[in-house]
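A short worksheet on the structure shown next.
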Amino acid sequence: VIRSRIAWLMLGFLTLFLFLTGVIAYYQLYKGEEIAREAAAMRNKKTEIQEYSRGAILDCNHLPLTESVSAYALYCLPGDIKLSGDQEVSENKRLSDAAKVIGSCLNKEPELIYKQLIEGKTQGRGIIRIASDLKPQEIQKINGSNLSGVIVAPVLKRYRGDGFCAHLIGYVGKAGDNTGKAGLERLYNSLLEGSDTGQEIVSVQDARGITIQGLMFRIRQDQQSQKSCLVLTIDSRVQELVEKVMNKQVQKGAVVVMDVDSKEVLAMASRPTFNPYADMQDLISHDQNSSLTNRALSRYHPGSLFKILVAAAALEEKAVDVDDIFECNGSYRFNEELAISCWQESGHGKLGFAEAFANSCNPAFIEIGLNLNQQILMDYARKMHLTDETLIGYSKDKEYSYVNIAPVKPAIANACLGQQGVMLTPLQICSLIATIADDGRWAPPSIVRYTVDKQGNRKEMAGIRAKEQVISKKTAQTIQEIMGA
Ligand SMILES: [Zn+2]
């Protein structure tokens, strides 16, 4: 009898155990996802709102180049905004009274704020962002005002205010026009715009439809939602380093850093830079330093850097030998009237090819260039894709660069020194040097790796391309040696 009681008891416990296991399994296996989502939603009270509902621009390690800075923004609920005491007044009076108070807190024209409120209300928006970068004292003033229906909330700003990567990324329009106006923002506007970030601001209202004070809104985040993005070849660590140095040492200029093997652009910066939040119309009309111009993609006379191409062509055509000796007496004389001087007025004297290159001696390179002719120089410029403006993932409005040399000696001489007849971009010069460094192998440079649209479709930009051997390995290696000398 006792034994059978124990057996029943055991059976009872076993049943209970199985039941509990089943319950746990049910929650784990079937309900787990739902619970996790709810927990995430609760945590999301801390989520920062994104300044613009746009897809992200990421670097090659998927680190964000946009939405990387936090700030505080001011939001208004037009249906709820009022001064305490403003009880039975018309809606427009309510809004204009509130606009005056907000204006004095933010040191802005009340009319502008009133306009924003009215526009937002007319568009049926429940929540309107009035300002996106509040200073501590402004936050204090807003919190100390007797306004209800306003909220100070953390926001992820799309751009850094210091002009970091500004030329490449570009910017979006102002005052409600959130379309891309320059750079990648403009080129990829349809991919990036209106991206469902899965964020929604919802006001919390009681049964009477009145917004609950202190709980005025929350951010609803849908964990499942897709966000479009643009993945660049830029390495933000390299970019950061380049810009830091440029901020200290370069007033006007550009830097391009390229991976020799993949020809991916790791950093591209231009100075002076600009603040993407600036009033662009105002900036354009006063832009004496062309701070909006991306100098990395603008054409210039390359100067002595063009001697790299002259050297490559001469070596490849066997018009020069590394053992050749040149003589520089300070200038190259064409005739009685015409001479081009060396940058070193006293002259370099007798010097070998490597020395002539290392010292960037003008007369020596004029002699080398004249041993070739203008057609051969132009052929090599084309062969080495020097004026090719391809930058995968980044299309330009118009063609900028050229190598166009007249068939007369002074013109050839000027071109050999990278002056008249030669206009190239810093990116093209970087590409030329990368070709030399890669033993004469050329491939088009790229700056975007792939895009992911809102449906999650990934599109590769570059793909696998065979490199093109544009000059011999031997010539390339000789130039590597003399460049290192
Ligand atoms: Zn010289």
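Return the pair list, or none, for Cβ contacts closer than 7 Å from residues in the range 363-376 that are farther than 10 Å from Tyr332 by Cβ to residues that are charged (D, E, K, R), at least 6 apart or on different chains.
Listed by first residue and then by second, the contacts come to Leu372/Glu317; Ile376/Glu317.
When you go through (1) modelled with pLDDT of 95 or more; (2) open to solvent by 20 Å² or more (accessible area, probe 1.4 Å) one by one for Leu184, which number turns out not to apply?
For Leu184, the failing item is (2).
Taking Asn289 as meeting all but one of (1) away from the ligand (no atom under 16 Å from the Cβ); (2) surrounded by 14 or more Cβ atoms within 10 Å (Cβ to Cβ), write down the number of the exception.
(2)
Among the numbered criteria (1) away from the ligand (no atom under 11 Å from the Cβ); (2) touching a residue at least 12 places away in the same chain (Cβ under 8 Å); (3) open to solvent by 10 Å² or more (accessible area, probe 1.4 Å); (4) not aromatic (Phe, Trp, Tyr), which one does Glu327 miss?
(1)
State all residues of the range 447-485 that are farther than 18 Å from Leu432 by Cα, assigned to a strand (DSSP E or B) and of a type outside the set (Ser, Thr, Tyr); if no residue qualifies, say none.
Correct list: Val448, Arg449, Val452, Arg458, Lys459, Glu460.
Within the range 126-169, how many residues turn out to be within 22 Å of Gly180 (Cβ to Cβ) and assigned to a loop (DSSP other than H, G, I, E, B)?
Total satisfying the criteria: 10.
Spot the failing condition for Gly352; the list is (1) under 13 Å from Leu309 (Cα atoms); (2) within 16 Å of the ligand (Cβ to nearest atom); (3) of a type outside the set (Lys, Arg), and only one is missed.
The single condition Gly352 does not satisfy is (1).
Applying the selection to the range 81-122, what residues are under 11 Å from Leu147 (Cα atoms), small (Gly, Ala, Ser) and either touching a residue at least 60 places away in the same chain (Cβ under 8 Å) or surrounded by fewer than 13 Cβ atoms within 10 Å (Cβ to Cβ) (or both)?
Result: Ser84, Gly85.
Of everything in the range 314-324, what is within 16 Å of the ligand (Cβ to nearest atom) and open to solvent by less than 30 Å² (accessible area, probe 1.4 Å)? Give them in sequence order.
Selection gives Val320 alone.
Let me confirm something: among Ala296, Ala364, Ala311, which residue is within 30 Å of Pro445 (Cβ to Cβ), within 16 Å of the ligand (Cβ to nearest atom) and surrounded by 20 or more Cβ atoms within 10 Å (Cβ to Cβ)?
Step by step, each of Ala296, Ala364, Ala311 is checked, and only Ala311 is within 30 Å of Pro445 (Cβ to Cβ), within 16 Å of the ligand (Cβ to nearest atom) and surrounded by 20 or more Cβ atoms within 10 Å (Cβ to Cβ).
Let me confirm something: among Leu95, Leu184, which residue is within 30 Å of Lys244 (Cβ to Cβ) and not in a loop (DSSP other than H, G, I, E, B)?
Going through Leu95, Leu184 in turn, just one is within 30 Å of Lys244 (Cβ to Cβ) and not in a loop (DSSP other than H, G, I, E, B): Leu184.
Determine which member of the set Tyr114, Tyr75 is at pLDDT below 90, of a type outside the set (Gly, Ala, Ser) and under 29 Å from Gly194 (Cα atoms).
Answer to the check: Tyr75.
Identify all residues within the range 408-425 that are among the small types (Gly, Ala, Ser), outside any helix (DSSP H, G or I) and within 15 Å of Ala311 (Cβ to Cβ); write none if there are none.
Selection gives Gly418 alone.
Residue-by-condition table, conditions (1) away from the ligand (no atom under 16 Å from the Cβ); (2) not aliphatic (A, V, I, L, M):
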site	(1), (2)
Ile368	no, no
Asp379	yes, yes
Lys383	yes, yes
Leu391	yes, no
Val403	yes, no
Ala406	yes, no
Val422	yes, no
Leu432	yes, no
Ile436	yes, no
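With respect to Asn275, determine if the residue is over 15 Å from the mean Cα position of the chain (by Cα) and in a loop (DSSP other than H, G, I, E, B).
So Asn275 fails the test.
In this structure, does Glu264 turn out to be without any contact (Cβ under 8 Å) to a residue 40 or more places away in the chain and not aliphatic (A, V, I, L, M)?
So Glu264 fails the test.
Looking at the range 340-349 only, could you name the residues that are more than 8 Å from the ligand (Cβ to nearest atom) and open to solvent by 60 Å² or more (accessible area, probe 1.4 Å)?
Scanning the range 340-349 gives Ser341, Glu345, Ser346.
Please state which of the following conditions Val245 fails to meet, knowing it meets all the rest: (1) touching a helix residue (DSSP H, G or I) at 6+ places or on another chain (Cβ under 9 Å); (2) assigned to a helix (DSSP H, G or I); (3) farther than 27 Å from Ser395 by Cα; (4) away from the ligand (no atom under 16 Å from the Cβ).
So the condition that Val245 fails would be (1).
Give Met483, Met423, Met461 a once-over and let me know the one that is open to solvent by 10 Å² or more (accessible area, probe 1.4 Å), over 14 Å from Met384 (Cβ atoms) and in contact with a Pro (Cβ under 9 Å, 6 or more places away or on another chain).
Criteria check complete, one pass: Met423.
Does the range 301-316 include one or more residues that are under 20 Å from the mean Cα position of the chain (by Cα) and at pLDDT 90 or above?
No, that holds for no residue.
The values are calculated or read from the model by the stated rules, or taken from the named source; none is laboratory data. Computed from a prediction, not measured in an experiment: that's the story for all the values here. Here Cβ is always computed from backbone atoms with ideal geometry, including for glycine, and neighbour counts include all displayed protein chains. These accessible areas exclude ligands, DNA and RNA; they are computed on the full protein's heavy atoms, side chains included. Shrake-Rupley method; radii C 1.70, N 1.55, O 1.52, S 1.80 Å.
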